[in-house]
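Written below as structure tokens is the structure these notes are about.
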């Protein structure tokens, strides 16, 4: 573990500390069994990021930066065969706790999503919701996802929207004006963690260079009846005006 890149070590330390704050939210997500995305819990039935859900039955899925593993638990309920990958032991301990509680078992690997030990072309779906999608270097984890997927496999990842990152100060919620330089958001060194937000055009080119065709790009908004989020970096009023989150859907050639 001593040979891990600085940002991986840094973020693992951060999530060891944050894991207790995501324990109960993780449990609620496991208990719901309903696929919804992001801080506003936008239903999969509205965005169709995963495509035809009936096709997940019997498919191999990998969740990159799985945290408590709730996305994998949703996929397992649809008949998929999930595998979870995360670098933080405390997060995986919570995932195993929920596996026992809810009776849903799948393999969990304590590894960085930038370089896993999993065999090539072993999966039909690769998914990341605020896991590898923001905490890993996209120049490493996107090619790794391509390696893991079979031809025709689907990559789905959710991250903060580009505009929300451009409007986010070091502390507090996103502002109604730009506060960050567009060309400097690829790596964001916050006070307690290192995030990656590759600009839109660069991400599109990286996906293509890694062997993917982008099939959808979804910007998420809260519904009219959505309550405020517990996360201080984004507020409801801002998110009704601009998308706080975005989802990328790509298929491996």
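For region 98-211, the convex hull spanned by the alpha carbon atoms encloses 139 Å³ per residue. Within the chain, antiparallel bridges make up roughly 55 percent of the DSSP beta bridges whose residues both belong there.
Arranged by the count of other C-beta atoms within 10 angstrom, fewest first, what order do 162, 200 take? Let's see the in-between values first.
Values: 162 19, 200 15.
By the 10 Å Cβ count, ascending, the order reads 200, 162.
Taking other Cβ atoms within 10 Å as a rough exposure proxy, 219, 114, 186, 63 sort from fewest to most as 219, 186, 114, 63. Given a Förster distance of 25 angstrom, what is the FRET efficiency for residue 10 paired with residue 206, based on the Cβ-Cβ distance and rounded to 0.05? It comes out at approximately 0.65.
Grab the Cα-Cα distance for residue 230 and residue 93, subtract it from 0.36 nm times how many residues apart they are, and report the gain in nm with one decimal.
On the way: separation 137, 0.36 × 137 = 49.32 nm, distance 2.34 nm.
Contour length minus the Cα-Cα distance gives 47.0 nm.
Using a Debye calculation, one point per C-alpha and no hydration shell, please list log10 I(q)/I(0) for region 8-66 at q = 0.23, 0.27 Å⁻¹ in order. Each listed q corresponds, in turn, to -1.12, -1.21. What the Kirkwood sum gives for region 41-129 is a hydrodynamic radius of 13.3 Å, with every pair of different alpha carbons counted. When the helices of the chain are scored as -39500 (n - 2.57) per DSSP H run of n ≥ 4 and the total is divided over every residue, the value at 222 nm lands at -9500 deg cm²/dmol. Using 17 Å as the cut-off for backbone N distance, which residues of region 110-140 belong to the label zone defined by a point 7 Å from the Cα of residue 34 along Cα→Cβ? What the label zone holds, given the 17 Å backbone N cut-off, is no residue at all.
Each reported figure results from applying straightforward, stated rules to the coordinates on display, with no laboratory input. Everything numeric here is computed off the predicted structure, so don't read it as measured data. For neighbour counting, all protein chains shown are included, and Cβ atoms are generated from backbone atoms with ideal geometry for every residue, glycine included.
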